[in-house]
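Report on the following structure.
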């Protein structure tokens with residue numbers, strides 16, 4: 001991959017070890033990947049698949065003051081256009097948590113439904 005910097009092209013080198021390739025579908029009833037699935041590369045380079053139906057089952061309900069503060073700060077970050085963030089413990093004011101923020105609407109754009117939503121509206 002190359003990137004232009006002040007009129008000259010710079011070769012970008014990958015950092016760390018490359019992720020392990022996704023094995024081909026075994027054909028043993030495994031569902032094909034859908035465009036609204038999340039693929040997560042873990043610390044050892046393995047791939048994890050999280051289907052949309054799974055992550056929607058874990059929606060956060062702000063029923064405690066700490067969760068309300070956390071969601072408020074996450075909304076502030078996404079309002080600034082943040083699409084991916086590593087939030088270590090202590091990085092959010094008055095919230096004791098560490099997490100990764102992935103703003104799918106920011107990546108796709110809020111007006112861009114996934115292919116699955118276009119084909120199967122709810």
Between a residue in region 47-65 that is in contact (Cβ under 8 Å) with a residue 12 or more places away in the chain and any residue that is surrounded by 10 or more Cβ atoms within 10 Å (Cβ to Cβ) and in a loop (DSSP other than H, G, I, E, B), which pairs come within a Cβ distance under 6 Å, given they are 6 or more apart or on different chains? 47/22; 49/37; 51/37; 52/36
Within region 32-48, how many residues are surrounded by 11 or more Cβ atoms within 10 Å (Cβ to Cβ) and either closer than 23 Å to residue 108 by Cα or in contact with a helix residue (DSSP H, G or I) (Cβ under 6 Å, 6 or more places away or on another chain) (or both)? 10
Among (1) within 25 Å of residue 41 (Cα to Cα); (2) in contact with a helix residue (DSSP H, G or I) (Cβ under 7 Å, 6 or more places away or on another chain); (3) at pLDDT below 85, residue 62 falls short only on (1)
With 72, 89 as the choices, which residue is assigned to a loop (DSSP other than H, G, I, E, B), surrounded by 10 or more Cβ atoms within 10 Å (Cβ to Cβ), in the same structural domain as residue 107 (by TED's automatic domain parsing) and modelled with pLDDT under 90? 89
What do you reckon, is residue 67 within 30 Å of residue 94 (Cα to Cα) and at pLDDT 80 or above? yes
For region 78-91, pairs from a residue that is under 8 Å from residue 103 (Cβ atoms) to a residue that is modelled with pLDDT of 90 or more and assigned to a loop (DSSP other than H, G, I, E, B), with Cβ under 7 Å and 6 or more apart or across chains, are 78/103; 82/103; 83/103
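The values are calculated or read from the model by the stated rules, or taken from the named source; none is laboratory data. These figures come from a predicted structure and were not determined experimentally. Neighbour counts are summed over all protein chains in view; Cβ atoms, including those assigned to glycine, are modelled from backbone coordinates with ideal geometry.
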